[in-house]
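Please read the structure below before turning to the comments.
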Amino acid sequence: AHKEPVFSNTINAVAICRSPYKQKFGIPRQPGLVNAKGYIELTSEVNHLDAVRGIEQYSHLWLLFCFHENLSQGWKTTVRPPRLGGNEKLGVFATRSTFRPNGIGQSVVRLHGVVQRKGKICLEISGMDLLDGTPIIDIKPYIPFSDAIFDARGGIAQDAPELIPVSFSSLAANQLAHLGAQSQYAELESLIIGVLSQDPRPAYKKTKLDAKLYQVALYDLDIFWHLVDDKIEVIELKPTR
Ligand code: SAM
């Protein structure tokens, strides 16, 4: 009888992602949906300019990474994709679920440039769907002639999800005007709108009358919001303690 080949390999991070997303709730479900800005910082083992020589000639990168926050929860053969309202199951390999046998994710992000911060090489990126602190296990250029497949079928995720309108209370609008003047919050308004217009709520909530107070963490701010007539209203922006 055939024996299954034994394979084992230890994988170390080559970089750490720095993103405005400080908790899983609210992170876009795929890359490219929200124009969030961040960077990935090479780890000391690969911190050589030679390792990224030539990378600026690409506009986009593939990031392979570890869903490190979910590893301890293991995986299941089937999952309930939010796209199907949480009512139907698909096989784990038929979805982009974060609960996978090897816990590996992959995302295409835009590359803006290479900089050095405190001696560490950083690739400035945008459009990521990664939690702040996510370990990156590989970085590769996105190659359009081969990676972009225009007649590909997208299954349950053929089109981008519908967006929901987002407004600000007068308190939140004032806070935003104040914070937006500080350089670390550049583009804060478009980030909040981008994130909330994806409607981060779990699928089952969307079909119910929903009076819950929600919160997402962006940078060092807690953004509080709720639903008003099926639209999102931002109530308040509070510095995280
Ligand atoms: N584009 C990737 C892929 O297809 O492999 C990720 C898709 S996955 C559905 C995106 C979600 O992963 C985000 O909305 C966020 O909740 C979650 N996520 C991002 N970084 C994570 C991390 N380090 N650990 C666990 N979950 C993470």
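The values are calculated or read from the model by the stated rules, or taken from the named source; none is laboratory data. Predicted model, so just to flag it, every value in this text is computed and none were measured. Backbone-built Cβ (ideal geometry, glycine too); neighbour counts: all protein chains shown.
Residue by residue, here is whether (1) touching a His at 6+ places or on another chain (Cβ under 8 Å); (2) of a type in the set (Ser, Thr, Tyr) holds:
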position: 189; (1), (2): no, no
position: 203; (1), (2): no, no
position: 211; (1), (2): yes, no
position: 219; (1), (2): no, yes
position: 239; (1), (2): no, no
**Message:** Conditions first: (1) closer than 23 Å to residue 10 by Cβ; (2) surrounded by fewer than 15 Cβ atoms within 10 Å (Cβ to Cβ); (3) among the aromatic types (Phe, Trp, Tyr). Residue 99 passes all but one, so which condition is the exception?
**Reply:** (2)
**Qualifying residue in the range 89-106 (condition: touching a Pro at 6+ places or on another chain (Cβ under 7 Å) and under 22 Å from residue 22 (Cα atoms))** = no
**Item:** Residue within the range 39-57 that is of a type in the set (D, E, K, R), surrounded by 12 or more Cβ atoms within 10 Å (Cβ to Cβ), within 26 Å of residue 222 (Cβ to Cβ) and within 13 Å of the ligand (Cβ to nearest atom) present
**Value:** no
**Message:** Out of everything in the range 1-27 that is crowded, with 21+ Cβ neighbours inside 10 Å and closer than 16 Å to residue 188 by Cα, what residue ends up being nearest to the ligand (Cβ to nearest atom)?
**Reply:** 27
**Asked** Do you know which residues across the range 69-88 are within 29 Å of residue 125 (Cα to Cα) and surrounded by 16 or more Cβ atoms within 10 Å (Cβ to Cβ)?
**Response** 70, 81, 82, 83
**Asked** For residue 152, are the conditions met, namely being at negative phi and at pLDDT below 95?
**Response** no
**Request:** Kindly indicate whether any position in the range 224-241 is among the hydroxyl-bearing types (Ser, Thr, Tyr) and surrounded by 14 or more Cβ atoms within 10 Å (Cβ to Cβ).
**Result:** no
**Message:** Condition check: surrounded by fewer than 16 Cβ atoms within 10 Å (Cβ to Cβ) and of a type in the set (Gly, Ala, Ser). Does residue 146 satisfy that?
**Reply:** yes
**Asked** Hey, among the residues in the range 207-223 that are among the hydrophobic types (A, V, I, L, M, F, W, C) and in contact (Cβ under 8 Å) with a residue 24 or more places away in the chain, which one's nearest to residue 17 (Cα to Cα)?
**Response** 218
